[in-house]
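Right, one structure below, let's go through it.
The values are calculated or read from the model by the stated rules, or taken from the named source; none is laboratory data. Just so we're clear, the structure is a prediction, and the values are computed from it rather than from any experiment. With ideal geometry, Cβ positions are generated from the backbone for all residues, glycine too; neighbour counts draw on all protein chains shown. The protein model used for the area step is the full one, side chains on, heavy atoms only, and it has no ligands, DNA or RNA in it. Shrake-Rupley method; radii C 1.70, N 1.55, O 1.52, S 1.80 Å.
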Amino acid sequence: MLKCILLLLSEYYYEIAESRLGEIYDKVNEHQVHVTLKRTDQHKREETLVITDEPETAARLLKDGWYVVILYHEKNRDKTFPQVRYGVEDLFLLEYRSYEEVFKRLAGLPWDILETDRLKVRESTLEDVDAFYRIYSEPSITYYMEDLYQKREEEEAYMQAYIDQIYGFYGYGLWTILLKETGEVIGRAGLSVREGYELPELGFVIDSAHQNKGYAFEVCTAILAYAKEELAFEQVQALVNERNTASLRLLGRLGFEYQSNVVVSDCDYKFFVKKC
């Protein structure tokens, strides 16, 4: 959990930050995050996000395992910051969510995506793989969708690559659904990119033991709102096997409109689009 934002800055930017430190503090104070402007690093690495504008400082801290973000400004444009994944240009425009999300990405922690009355949606983790195998072990789940890898190590490798490359690049993907009351993983849902198609695609699966309770409609409704409000998508697509009557009914309730029949990997699908 993010508990400290540590600013290790050059003399040039130190004076700027010192005079405006309150602007940053006001945005993170309610989340119990401390802001420190020092030239020393007397904080727990696993709880700290370091922001620096100096290549030497960044290199030293990265070597020691700190989570580092670069601050770019007019005085360091000609400098390079190898191995630093994220950078900012104006500290004083950032909201708490920006600090939290970059900290979680650097720390390998999942982003919380959204909540509904009964459900929580977050990015998937390697720890979710056990639950996914449980869910996909029910034969009806894989009637109309691709199964997991038979070998667990292959599924874990795929999941790690998905976390690093899909979440890290797009900022969205297929997420994990949990019951808020118990924390139990009951499915997956989200938005993905299908090769050969331009629109983001809605996908969902609910554990057979938790079907017919309205969870799919609840979570998909929230994801479509998220697609519009947070991701600024104007349209979302869905491809459903023509024999999957339950999913076809759900798309109708969600407001998707049928466009055409398509064939993907020798399988017949109905292609739907919804305006966000």
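What to note about this one:
- Nearest 10 degrees, 0 to 90: helix 215-229 Cα axis against the chain principal axis: 50 degrees
- Beyond 18 Å, the tail of the calculated P(r) for region 1-63 holds 34 percent of the Cα pairs.
- For the chain, the Kirkwood estimate of the hydrodynamic radius, built from every pair of different alpha carbons, is 21.1 Å.
- Spatial offset of region 1-56 relative to region 167-240 amounts to 35 Å, using the alpha carbon center of each.
- The chain: angle of helix 96-107 to the longest principal axis, Cα-based, in degrees nearest 10: 80 degrees
- GNM flexibility winner over the chain from Arg77, Arg243, Arg122 (Cα, springs under 10 Å): Arg77
- Degrees between helix 11-28 axis and first principal axis of the chain (Cα, 0 to 90, nearest 10): 40 degrees
- Evaluated at q = 0.08, 0.15, 0.16 Å⁻¹, a Debye calculation over the C-alpha positions of region 112-259 (equal weights, vacuum) places log10 I(q)/I(0) at -0.20, -0.78, -0.91.
- Using C-alpha pairs under 8 Å with a sequence gap of at least 6, the mean separation divided by the residue count of the chain gives a relative contact order of 11 percent.
- Among residues other than Ser265 with Cβ under 12 Å from its Cβ, the summed charge is -3 (Lys and Arg +1, Asp and Glu -1).
- Heavy-atom accessible surface of region 68-225, averaged per residue, reaches 54 Å², computed with a 1.4 Å probe.
- Global geometry of region 196-272, whether rounded, prolate or oblate, following the gyration tensor of its Cα atoms and the 1.5 cut on a/c: oblate
- Long-range tail of P(r) for region 74-166 (Cα pairs > 20 Å, %): 58 percent
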